[in-house]
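Engineer: Structure below; questions to follow.
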């Protein structure tokens, strides 16, 4: 099975950010993802699927850090913001 998340990527920390944001901090290997969109989608879809005891989503967006630095430091300024959960079946 193929994973768009590069081998050697480890989770440093996941924490609740502001409002409905998750902040995920990954090791340097993540910055080397060949398919950036797919790697981000895996993270965002997984974390935004987490639910509370009432069945409501805990997070609606995810901010990605690499070794504590904004993903924008590695991939450019467009990644310097939380990433919203994408629509899976847009009409």
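No lab work stands behind these numbers, since they all come straight from the coordinates. Quick caveat: nothing in here was measured; it's all calculated off a predicted structure. All Cβ positions, glycine included, derive from the backbone under ideal geometry; neighbour counts span all protein chains shown.
Engineer: Hey, what does the equivalent ellipsoid look like for the chain, semi-axes from the Cα gyration tensor as sqrt of 5 times each eigenvalue, largest first, whole Å?
Structural biologist: Semi-axes, largest first: 21, 15, 13 Å.
Engineer: While we're here: With label points built 7 Å along Cα→Cβ from the Cα atoms of residue 42 and residue 29, find their separation and express it in nm.
Structural biologist: Output for this residue pair reads 1.0 nm.
Engineer: Please give the helix 36-47 orientation as an angle from the longest Cα principal axis of the chain, in degrees from 0 to 90, rounded to the nearest 10.
Structural biologist: The angle comes out at about 40 degrees.
Engineer: Rounded, prolate or oblate for segment 1-54? Axes are the square roots of the Cα gyration tensor eigenvalues, ordered a ≥ b ≥ c, and the cut-off for rounded is a/c under 1.5.
Structural biologist: prolate
Engineer: Within 10 Å, count the other beta carbons around each residue, average over each peptide in 19-28, 6-15, 44-53, and list them highest first.
Structural biologist: So the peptides 19-28, 6-15, 44-53, ranked by packing, come out 19-28, 44-53, 6-15.
Engineer: Just the number, please: percent antiparallel of the DSSP beta bridges in segment 11-84, rounded to the nearest 5.
Structural biologist: 60
Engineer: Rounded to the nearest 500, what is the chain's calculated 222 nm mean residue ellipticity when only DSSP H runs of at least 4 contribute -39500 (n - 2.57) each, over all residues?
Structural biologist: Mean residue ellipticity at 222 nm (helix-derived): -4500 deg cm²/dmol.
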